[in-house]
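Novice: To start, I am sharing the structure in question, which I have written as C-alpha cells.
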Amino acid sequence: MGWEALGQWGEGVVRGEPLAGGVGLNQVWSVRVDGRRAVGRLGRRSDADLAWETGLLLHLHRQGMAVPVPLPTTEGRYFADGLVVMSYVEGRPPESAGDWRRVADTLRQLHQLTRGWPQRPGWRSSTDLLHAESGTRVDLGAMPAEGVERCRAAWARLDGRGMSVVHGDPNPGNIRMTADRVTLIDWDEAHLDVPDLDLALPHNAAGLDDEAYDIAAQAKAALDAAVCWDPTGTDPFGAKRLADVRAV
C-alpha cells in the first residue's frame, strides 16, 4: 500500500519532508498527526518484526526511558502495511566525553530493562552466528570464508554471556540529547544479543577495561561487517568493517 497507509492514522495526517536516515530498507519522513510533529517510517519488515519493535518501545516508555513512542492508528494498531508512526524527538548528538558517558548510562538502562526479552523474529544473536549461517540481514554464505572465520573468532569471545536487547547502532546520528535526557532513535537494528556490543563507545565512555573493550569492539566490527556485507561491492561499509576485525 505504501504511504497511502498513513490515512489509517486519521484524516488530517500530512506527510512532510524526507528525514536523514531514510536509506536502505526504509523511507523516513516527517509527518503531522493531529497537528503534532511525528516521524513516519515505511519499510518491508514483517508484522511480527514490527510488533516486536513497537512492543519494545512501548515497554521502555512505560518504564520511564526516553524513546520514540509509537503512535496508534485510529483503530489502535501501532503499524500498518509496513508503516510505523512515532513521536518526533528533539535534541542534538553527543559531542563530549561527558555526553558519551550519559549515552553509556542510557544503554545500560536499556540492557537492565530487557533481560529475558525474546529475540526479534527472524534475527540471530552474534553467538548464534557461531553456528547459524543467516538471520534477517545476515548471510554468511555471501562473505568470503576467511572473513567468516575472523568474525566467528570475534563472536566466540562473547560466548556464554547473558543477553538483553541491544540498540545495535548507537552512533551519533541515532542519539538525541537535551540537558535532562538522552534518547536513542532508529531501533531498526535492535535485537537480543550480548550487551557489550552496545558499549564499545567513543572515549571508552562505558568504562570497560582494556580486554573487555577489545572484545566488544572486535565483536561489533564483525557484526557490522556481517549485517552490511555487500557481495557486489557497491556499498563498501561491510568490507571496511571486516578490515577492522583481526585475522585469526
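The values are calculated or read from the model by the stated rules, or taken from the named source; none is laboratory data. Computed from a prediction, not measured in an experiment: that's the story for all the values here. We place every Cβ from the backbone using ideal geometry, glycine too, and count neighbours over all the protein chains shown.
Novice: Kindly check whether there is at least one residue in the range 203-210 that is under 22 Å from V84 (Cβ atoms) and either in a loop (DSSP other than H, G, I, E, B) or not hydroxyl-bearing (S, T, Y) (or both).
Specialist: Going through the range 203-210, the residues under 22 Å from V84 (Cβ atoms) turn out to be none.
No; the residues of the range 203-210 include none that is under 22 Å from V84 (Cβ atoms) and either in a loop (DSSP other than H, G, I, E, B) or not hydroxyl-bearing (S, T, Y) (or both).
Novice: Also, I was wondering about something else. Just one of the numbered conditions (1) under 18 Å from the mean Cα position of the chain (by Cα); (2) outside any strand (DSSP E or B) is not true of Q8; which one?
Specialist: (1)
Novice: Sticking with this one: In the range 59-85, how many residues are farther than 23 Å from T136 by Cα and touching a Pro at 6+ places or on another chain (Cβ under 9 Å)?
Specialist: 1
Novice: A follow-up question, please. Run F237 past the list (1) surrounded by 14 or more Cβ atoms within 10 Å (Cβ to Cβ); (2) of a type outside the set (S, T, N, Q); (3) within 19 Å of N174 (Cα to Cα) and report the number of the one that doesn't hold.
Specialist: (1)
Novice: Filter the range 132-145 for residues that are under 29 Å from S46 (Cβ atoms) and in a helix (DSSP H, G or I) and give the result.
Specialist: Narrowing the range 132-145 to residues under 29 Å from S46 (Cβ atoms): 132-143.
If the condition is that a residue be under 29 Å from S46 (Cβ atoms) and in a helix (DSSP H, G or I), then L140, G141, A142 are the ones that fit.
Novice: Examine the range 213-228 for a residue that is aromatic (F, W, Y), crowded, with 21+ Cβ neighbours inside 10 Å, in contact with a helix residue (DSSP H, G or I) (Cβ under 9 Å, 6 or more places away or on another chain) and touching a residue at least 12 places away in the same chain (Cβ under 8 Å), and state whether such a residue exists. Lay out the reasoning, then the answer.
Specialist: First pass over the range 213-228, keeping only residues aromatic (F, W, Y): 213.
Filter once more, so that each one left must be crowded, with 21+ Cβ neighbours inside 10 Å: none.
No.
Novice: May I ask you to list pairs of residues, at least six apart or on different chains, whose Cβ atoms are under 6 Å apart, with the first in the range 164-178 being outside the structural domain of H203 (by TED's automatic domain parsing) and in contact (Cβ under 8 Å) with a residue 24 or more places away in the chain and the second being outside any helix (DSSP H, G or I) and of a type outside the set (A, V, I, L, M, F, W, C)?
Specialist: If the second residue must be outside any helix (DSSP H, G or I) and of a type outside the set (A, V, I, L, M, F, W, C), no pairs are left.
Novice: Please verify whether the range 37-52 includes one or more residues that are surrounded by fewer than 18 Cβ atoms within 10 Å (Cβ to Cβ) and among the acidic types (D, E).
Specialist: yes
Novice: Given the conditions (1) over 18 Å from G76 (Cβ atoms); (2) not in a helix (DSSP H, G or I), report the number of the one that A38 does not fulfil.
Specialist: A38 satisfies every listed condition except (1).
Novice: Please work out which one of (1) touching a helix residue (DSSP H, G or I) at 6+ places or on another chain (Cβ under 6 Å); (2) more than 26 Å from P236 (Cβ to Cβ) is the condition G76 fails and give its number.
Specialist: Unmet for G76, out of (1) touching a helix residue (DSSP H, G or I) at 6+ places or on another chain (Cβ under 6 Å); (2) more than 26 Å from P236 (Cβ to Cβ): (1).
Novice: For G10, which of the numbered conditions (1) crowded, with 19+ Cβ neighbours inside 10 Å; (2) touching a strand residue (DSSP E or B) at 6+ places or on another chain (Cβ under 9 Å); (3) in contact (Cβ under 8 Å) with a residue 60 or more places away in the chain; (4) not charged (D, E, K, R) fails to hold?
Specialist: G10 satisfies all of (1) crowded, with 19+ Cβ neighbours inside 10 Å; (2) touching a strand residue (DSSP E or B) at 6+ places or on another chain (Cβ under 9 Å); (3) in contact (Cβ under 8 Å) with a residue 60 or more places away in the chain; (4) not charged (D, E, K, R) except (1).
Novice: Right, another one. Looking at the range 7-41 only, could you name the residues that are of a type outside the set (V, I, T), in contact with a Gly (Cβ under 6 Å, 6 or more places away or on another chain) and at pLDDT 95 or above? Let's see the steps before the verdict.
Specialist: Just the residues of the range 7-41 that are of a type outside the set (V, I, T), to begin with: 7-12, 15-22, 24-27, 29-30, 32, 34-38, 40-41.
Checking which are in contact with a Gly (Cβ under 6 Å, 6 or more places away or on another chain) leaves us with 25-26, 29-30.
Correct list: W29, S30.
Novice: Being without any contact (Cβ under 8 Å) to a residue 60 or more places away in the chain, crowded, with 16+ Cβ neighbours inside 10 Å and not hydrophobic (A, V, I, L, M, F, W, C) is the filter here; which residues of the range 73-113 pass it?
Specialist: Y78, S87, Y88, Q109 - these are the residues of the range 73-113 that are without any contact (Cβ under 8 Å) to a residue 60 or more places away in the chain, crowded, with 16+ Cβ neighbours inside 10 Å and not hydrophobic (A, V, I, L, M, F, W, C).
Novice: Please find, among V89, V84, the residue that is assigned to a strand (DSSP E or B) and β-branched (V, I, T). Outline the logic, then answer.
Specialist: Values: V89 fails: assigned to a strand (DSSP E or B).
Going through V89, V84 in turn, the sole match is V84.
Novice: Let me ask something additional. Report yes if R77 is assigned by TED's automatic domain parsing to the domain that holds A205 and either among the aliphatic types (A, V, I, L, M) or over 14 Å from W187 (Cα atoms) (or both), otherwise no.
Specialist: Numbers: assigned by TED's automatic domain parsing to the domain that holds A205: no; either among the aliphatic types (A, V, I, L, M) or over 14 Å from W187 (Cα atoms) (or both): yes.
So R77 fails the test.
Novice: Scan the range 54-64 for residues that are over 19 Å from G82 (Cβ atoms) and either assigned to a helix (DSSP H, G or I) or within 16 Å of the chain's Cα centre (by Cα) (or both) and jot them down.
Specialist: Step one: list which residues in the range 54-64 are over 19 Å from G82 (Cβ atoms), which gives 59-64.
If the condition is that a residue be over 19 Å from G82 (Cβ atoms) and either assigned to a helix (DSSP H, G or I) or within 16 Å of the chain's Cα centre (by Cα) (or both), then H59, L60, H61, R62 are the ones that fit.
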